[in-house]
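Worksheet for the structure shown next.
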Amino acid sequence: MRSKSSNPIRIGEINYTNVWPVFYHFSPEQLNINVETTQQVPAELNRAMLEGRIDLGPISSFAYGASWEQYYLFPDLSVSAFGPVRSILLFLKKPLEEVLHGTIALTNTSATSANLLKIIIEKFYGGSPKYVVMDPSLPEMMEQADAALLIGDHAIRADWQHAEYEVMDLAERWNAFTGEWMTFAVWAVSRQATEKYPDVMRAILQAFKDSKERTSRDVEPIVRKACIEIGGTPSYWRQYFGGLCHHFGQSQQNGLELYFRYCKELGLIDKEVEICIWSDNTVTQVKE
């Protein structure tokens, strides 16, 4: 195995519970691979990946679409949902009819969810609001806006703490309007890394898949971890993790293709996107 590179393989990790099922049992040290892991919110990982400061890891689906020519996608790994996801939430201070033409605060931690919200608000509901991008603090966001978008653990905590607001689950709304899956994050790898270290990439991919499968057989370790680190009850976290999908089969790819198509229609992305799956030194391209 070509694992003795002069530089470590740099792996990014989203700093949210939604990737725990893939990362919890992931142990690259057991593979005898020189690895560095960086844990950040999606927006920071997107930037690090684009700038070449990390080689692989989960990034926002939108970030892949914006720069897809630079990446391949690991097969059968994603953060997806078919229906409610419970951690991509729009909090409404006013009725939706007013929010559609009011002001919406967007979290600065992810591009996929912000652009999904624009698709839902503008394409599905015909709205034309003003958007402001802010740090993920619901009280501060609501001081300046009629509604606020939060994602990940910020959204989960805010949902527990602020029962006064109506809440829209973006994955549920997407599914209701389209009948499709929504994929929020994909496991991307730089094309340069796959060309330079194909055997190492294959071993890392298998380690991720093994971790995912091990968690699917027994979710209790991450349920306990979430209760300790985030709060909430075991039943909440069992339901939460049960609503997430970490596969990336044809159904998830179809939903993501539609998302990219709508992004292009709304001018959020300026090109067609190809979903390029890396596997065993070959690439499968799924064209829109």
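Taken together, the values in this text are just the output of simple stated rules run on the coordinates, not laboratory data. Just so you know, these numbers come straight off a predicted model, no measurement behind them. Please note: Cβ atoms are built from the backbone with ideal geometry, for glycine as well, and neighbour counts cover all protein chains shown.
What to note about this one:
- Helix runs (DSSP H) in the chain reaching 27 Å along axis by Cα, Kyte-Doolittle at least -1.0: 198-217
- A rounded overall shape is assigned to the stretch 88-178, the ratio a/c of its alpha-carbon gyration tensor axes (a ≥ b ≥ c) being less than 1.5.
- Remark: C-alpha extents of the chain on the principal axes read 59, 43, 31 Å, sorted largest to smallest.
- Packing, as the average of other Cβ atoms within 10 Å across residues, places the peptides 220-227, 271-278 in the order 271-278, 220-227, highest first.
- Taking the DSSP beta bridges with both ends in the chain, the antiparallel portion is around 65 percent.
- Shape index of the stretch 217-257: Rg/Rh, with Rg the Cα radius of gyration and Rh the Kirkwood radius from the inverse mean 1/r over Cα pairs, equals 1.14.
- Entries in LYS196/LYS271; LYS94/LYS123; LYS196/LYS225; LYS123/LYS196 that, when Cα-Cα distance is taken, lie over 31 Å: LYS196/LYS225; LYS123/LYS196
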